[in-house]
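A.B. asks: Got a structure here, written out as structure tokens. Questions coming.
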Amino acid sequence: MKSLWNLVKDTSAQPEGKGKIIALMNQKGGVGKTTMAFNLAHALKSEGHKVLCIDMDPQFNFSSLFGVNPQGRAHIHHLLVNSVKELKPLHTTDLLDEVITRTSVGIDIIPAGQELSGFELTVAGIQSPRQLVLNKFIKKYNLRSMYDYIIIDGPPTLGLLVVNILCAVDGVLYPFVPDSFSQQGLKNIQQVLEDIREMEICDVPVNLGYIPNLFDQRRKQVKADFEKIESELGGGKVFTPFTNKVQFTKAQAQRKSVFEFQHNDFKDIQEQFLTMARFVQAELRQ
Ligand SMILES: Nc1ncnc2c1ncn2[C@@H]1O[C@H](COP(=O)(O)OP(=O)(O)O)[C@@H](O)[C@H]1O
Ligand SMILES: [Mg+2]
């Protein structure tokens, strides 16, 4: 695994900066944000797109899945701080080309690390808009011109990191488990979006849809539950649910996507992610 800014620079990705940015969000942890982000990135890659992943969760599970260990190395937090002029005393010498990492599957990743949990405090005193640091960072480095799709994995929190993500992306996918905590997590993010809209902080991203996850296939009630949730979510596509699949556990244990397995057992899930990837492409096409 190596860092390769030069290779990234002269790619065939759209030169006008038309790359699309998608985040996987839910305030609740354990609902499948990272799993969905990881496999969606692979689905888009398998469709021939150039993909960058950005880990925005201080617990850095997304980075770990890509085999990147951020301990003792620079990550997204350092890049974000470095891109705020007012924080000059805190700047480090880390460059994007040292942080961006190409994985063996040809997807690039900007990892996260524990320091990202201090982001909110770090930018607390700055005069420039604290909510737009990630947005400005992406613009500064023209990342949209280097990639077709940028996939952001969100943290299981509400707060400045989440607002930064919502103000940087074109569309959001919302994985959730059909329980009340997970659905409350979705409602809380909708409230943040409402606040962003009301305060005119930034353009509000498109709702690309809800991804029901860990559905209990044994329950006869599934269809009824699903319909109830669909109506409660009030608008927005609801994807075909993912049930509890041992394939995810197996793939994750090997730090692989479901696309790296040829066995028939994986075909359905692969198809689900390809359908999601195609839907997202169609929704965000200009
Ligand atoms: N459909 C599924 N079937 C089985 N295990 C799953 C499924 N979705 C997620 N998992 C597992 O659940 C755990 C939490 O998922 P993760 O994607 O890390 O959630 P989040 O990012 O929202 O915290 C992970 O160990 C993951 O492998
Ligand atoms: Mg996660």
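The values are calculated or read from the model by the stated rules, or taken from the named source; none is laboratory data. Please read all numbers here as calculations on a predicted model, not as lab measurements. Virtual Cβ from ideal backbone geometry, glycine too; neighbours counted across all protein chains shown.
A.B. asks: Just to verify a result, which residue in the range 16-38, among those that are modelled with pLDDT under 95 and more than 12 Å from ligand 2 (Cβ to nearest atom), is farthest from the chain's Cα centre (by Cα)?
C.D. replies: Per the stated criteria, the residue is GLU16.
A.B. asks: Go through (1) crowded, with 21+ Cβ neighbours inside 10 Å; (2) modelled with pLDDT of 95 or more for SER64 and report which single condition fails.
C.D. replies: So SER64 meets the others, but not (1).
A.B. asks: Is at least one residue of the range 53-62 in contact with a Ser or Thr (Cβ under 7 Å, 6 or more places away or on another chain), more than 14 Å from ligand 1 (Cβ to nearest atom) and closer than 16 Å to ARG255 by Cβ?
C.D. replies: There is no residue in the range 53-62 that is in contact with a Ser or Thr (Cβ under 7 Å, 6 or more places away or on another chain), more than 14 Å from ligand 1 (Cβ to nearest atom) and closer than 16 Å to ARG255 by Cβ.
A.B. asks: Follow-up question, since we're still on this one. Considering only residues that are among the hydrophobic types (A, V, I, L, M, F, W, C) and more than 17 Å from the chain's Cα centre (by Cα), look in the range 152-191 and name the one that is modelled with the lowest pLDDT.
C.D. replies: The qualifying residue modelled with the lowest pLDDT is PHE181.
A.B. asks: To continue, here is another question. Among the residues of the range 107-125, is any closer than 28 Å to GLY48 by Cβ and modelled with pLDDT under 95?
C.D. replies: No.
A.B. asks: Quick one: how many residues across the range 198-218 are in contact (Cβ under 8 Å) with a residue 60 or more places away in the chain and over 17 Å from the mean Cα position of the chain (by Cα)?
C.D. replies: 3
A.B. asks: If you go through the range 77-101 one residue at a time, how many are of a type in the set (D, E, K, R) and in a loop (DSSP other than H, G, I, E, B)?
C.D. replies: Looking only at that region, the number is 1.
A.B. asks: Separate question: Tell me, please, whether a residue that is more than 12 Å from ligand 1 (Cβ to nearest atom), in contact (Cβ under 8 Å) with a residue 24 or more places away in the chain, in a helix (DSSP H, G or I) and among the small types (Gly, Ala, Ser) can be found in the range 179-197.
C.D. replies: Within the range 179-197, not a single residue is more than 12 Å from ligand 1 (Cβ to nearest atom), in contact (Cβ under 8 Å) with a residue 24 or more places away in the chain, in a helix (DSSP H, G or I) and among the small types (Gly, Ala, Ser).
A.B. asks: Which one is farthest from GLU47 (Cα to Cα), of the residues in the range 240-276 that are touching a Ser or Thr at 6+ places or on another chain (Cβ under 8 Å), away from ligand 2 (no atom under 16 Å from the Cβ) and of a type outside the set (Val, Ile, Thr)?
C.D. replies: GLN272
A.B. asks: Counting only residues that are surrounded by fewer than 24 Cβ atoms within 10 Å (Cβ to Cβ) and touching a residue at least 40 places away in the same chain (Cβ under 8 Å), which one in the range 44-55 is nearest to TYR147 (Cα to Cα)?
C.D. replies: Looking at the filtered set, the residue picked out is LYS50.
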